[in-house]
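Structure first, commentary second.
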Number of protein chains: 2
Amino acid sequence: MDDSILHNFRVVLVGTLYSGNIGSTCRAMANMGLRDLALVAPHICDDGTDAERLAVHATDILQNKRVFDTLEDAVADCSCVVGTTARMGLYRAHVQEPKVIMPELLKLAANGKVALVFGREDKGLSNDEILQCNRLIRIPVHPDYKSINLSQAVLICCYELYCATGSYEPPVEKSLPATAEKKHRMMQIWREMLLRVGFMKEDKADHMMQGIQRIFSRGVQSDDDVAILMGVARQTEWYHGQHTKQ
Amino acid sequence: MDDSILHNFRVVLVGTLYSGNIGSTCRAMANMGLRDLALVAPHICDDGTDAERLAVHATDILQNKRVFDTLEDAVADCSCVVGTTARMGLYRAHVQEPKVIMPELLKLAANGKVALVFGREDKGLSNDEILQCNRLIRIPVHPDYKSINLSQAVLICCYELYCATGSYEPPVEKSLPATAEKKHRMMQIWREMLLRVGFMKEDKADHMMQGIQRIFSRGVQSDDDVAILMGVARQTEWYHGQHTKQ
């Protein structure tokens, strides 16, 4: 999936207390390809300087953020409003995990804006605010310490969303997988070398080579790997030839 | 899987510059069930107070952290050392994604300690340090802004590890799924009510009820849902009976 669909997602922070969390949220959003940030009635209790400091290279998201008086205003144009909650309660039992819900939200985002709504650092979203959400997310956390930092919660949701697009391309090994023929040739060269340097005698060679084979079969995957180990064996034989009295 | 296996994982921060990242790392570890923190030659450039402030209720992890001079010392007792890297390079191409590697690391942790190693905020891990790692992780990030905050990187790794244990139990709906019989009865009551209040006439009722059915079939899942909607229809009929001249 093309990751431009992520532009149809809005992160909405409600009643945020610490400017650092707003800055860290901007960076987390940029890391995962989201751009649209809305604040609802922020209630910053520090001097506000942490926002820009922690946004680092995502200050454009910070500068382009929009501020609303109410959650209703912030999500007015969204066709799906998704709340996040750590608390349990009568109307919070239908929560879903990020890994489960994000692929569904990506489909919905094809036809309209989707808001991901995060509550206050100390109290989360109120029941009134939860009622404005069509869907609810709960992030899996260990029962010993369930309270997750606001920007960390934003990150996990955005990360699962980005992963769900499938647009991340892991780096590929440039070296091709080694063929059986090459690996077999490598083992022959090692066998000759190990016999030459006296690591094993001919009558034990089959047995010893099984141990070497076990190690190499786990570790050797590519043409480059084969080339390195062949080089070791050949150089060792050469050195041996140079320094051994005939 | 029992999540006590997570105690066999150590988070190792190498050459950390900001105390806030150490504090946030402690909280992220506690959120995901990890306890063992090691610092290698920290190089804190602030007054250090952010560590405790951002650890919040995970100060025990901060207090029990161990400090080492070298990475070698910090991972000496670990049977698997896993580095994290954002950079590419000759010996970094075999990186794996957290979602892929964590289930494998959980298996390894059954027989020995596993270290998750995170580099400096500005430069990551050096090539020498990468050489000490058996495995490498790269976190999927958007190509527009690849540099992820240190404690955010720790969080994603610990989160995927915790998810991989499968020990998180999502909340269950206490109300049972509604049976077809109950849903059918509910639709009958709604049909009667909608005819009574004049929402539709008998000759259009089958058609209109298909629209209602479509909505309700998406939304009604549990016994509680059926009970609520039956209540709405019955109350409406009752009210209608009370206020309509016979």
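The values are calculated or read from the model by the stated rules, or taken from the named source; none is laboratory data. Every value quoted in this text rests on a predicted model; they were computed, and no experiment measured them. Cβ atoms come from the backbone with ideal geometry, glycine included; neighbour counts cover every protein chain shown. Areas reflect the complete protein model, heavy atoms only, side chains present, ligands, DNA and RNA absent. Shrake-Rupley method; radii C 1.70, N 1.55, O 1.52, S 1.80 Å.
Here are some notes:
- Nearby lysines by direct alpha-carbon distance to residue A:201 (threshold 30 angstrom, same-chain neighbours under 8 apart not counted): A:182, A:183, A:245
- Flagged links, alpha-carbon separation over 21 Å, of B:99/B:123; B:65/B:113; A:99/B:99: B:99/B:123
- Per-residue HN-Hα couplings for the stretch B:72-89 [Karplus 6.51, -1.76, 1.60; θ = phi - 60°; Hz; x = Gly/Pro]: 3, 5, 5, 10, 3, 9, 9, 8, 9, 10, 10, x, 10, 8, 9, 7, 9, x
- Other protein chain C-beta atoms within 10 Å of residue C-beta, averaged over B:165-176: 3.
- Gained length - residue B:128 relative to residue B:73, 0.36 nm times residue gap less alpha-carbon distance: 18.4 nm
- The equivalent ellipsoid that matches the C-alpha gyration tensor of the stretch B:98-152 spans semi-axes of 22, 15, 9 angstrom, in descending order.
- Per residue, in Å², the accessible surface of chain B once ligands and nucleic acids are set aside, probe 1.4 Å: 52
- Chain A: C-alpha pair distances exceeding 28 Å, %: 50
- Label-point spacing at residue B:128 relative to the other copies reads 6.0 nm, in ascending order, each point sitting 7 Å out from Cα along Cα→Cβ.
- Spin-label model, residue B:88/residue B:234: points 7 Å from Cα along the beta carbon direction are separated by 6.7 nm.
- Taken over the alpha carbons of the stretch A:1-121 as equal point scatterers, the Debye sum produces base-10 log I(q)/I(0) values at 0.20 Å⁻¹ of -1.20.
- Between residue A:203 and residue A:223, the modelled labels are 4.3 nm apart [label points 7 Å from Cα along Cα→Cβ].
- For the peptide B:231-244, the mean number of other protein chain Cβ atoms found within 10 angstrom of a residue's Cβ is 0.
- Gyration tensor (Cα) of the protein assembly as shown, equivalent ellipsoid semi-axes in angstrom: 55, 29, 20
- Note on residue A:2 and residue B:7: with the Förster distance fixed at 45 Å, the Cβ-Cβ geometry gives a FRET efficiency of about 0.60.
- Share of Cα-Cα pairs in the stretch A:137-208 lying beyond 15 Å, as whole percent: 74
- Average beta-carbon neighbours from other chains, 10 Å sphere, peptide B:145-155: 6
- Taking every alpha-carbon pair under 8 Å whose residues sit at least 6 apart, the stretch A:1-88 reaches a relative contact order of 31 percent.
- Buried area at the A-B interface (accessible, heavy atoms, 1.4 Å probe, summed, Å²): 3700
- Here the accessible area of the protein assembly as shown is 53 percent carbon and sulfur, with a 1.4 angstrom probe and all protein chains present.
- Placing +1 on each Lys and Arg Cβ and -1 on each Asp and Glu Cβ, with no other charges, gives chain B a dipole about its Cα centre of roughly 1000 debye.
- Degrees between helix B:202-219 axis and first principal axis of chain B (Cα, 0 to 90, nearest 10): 20
- Residue-averaged [θ]222 nm for chain A, counting only DSSP H segments that reach four residues, each worth -39500 (n - 2.57): -14500 deg cm²/dmol
- Counting only DSSP beta bridges whose two residues both lie in the stretch B:16-161, roughly 10 percent are antiparallel.
- Radius of gyration, Dmax [the stretch A:180-243; alpha carbons; angstrom]: 11.6, 33
- Exposed-site-free run, longest, chain A (rule: trypsin sites (Lys or Arg not before Pro); DSSP loop; at most 11 other C-beta within 10 Å): A:1-122
- Interatomic Cα distance distribution for the stretch B:101-246, bins of 10 angstrom, percent: 9, 23, 16, 9, 12, 15, 11, 4, 1, 0
- Each residue of the stretch A:99-113 was assigned a 3J(HN,Hα) from its phi angle through the Karplus curve 6.51 cos²θ - 1.76 cosθ + 1.60 (θ = phi - 60°); the sequence is 4, 7, 7, 4, x, 5, 5, 4, 5, 4, 5, 5, 10, x, 6 Hz, with glycine and proline shown as x.
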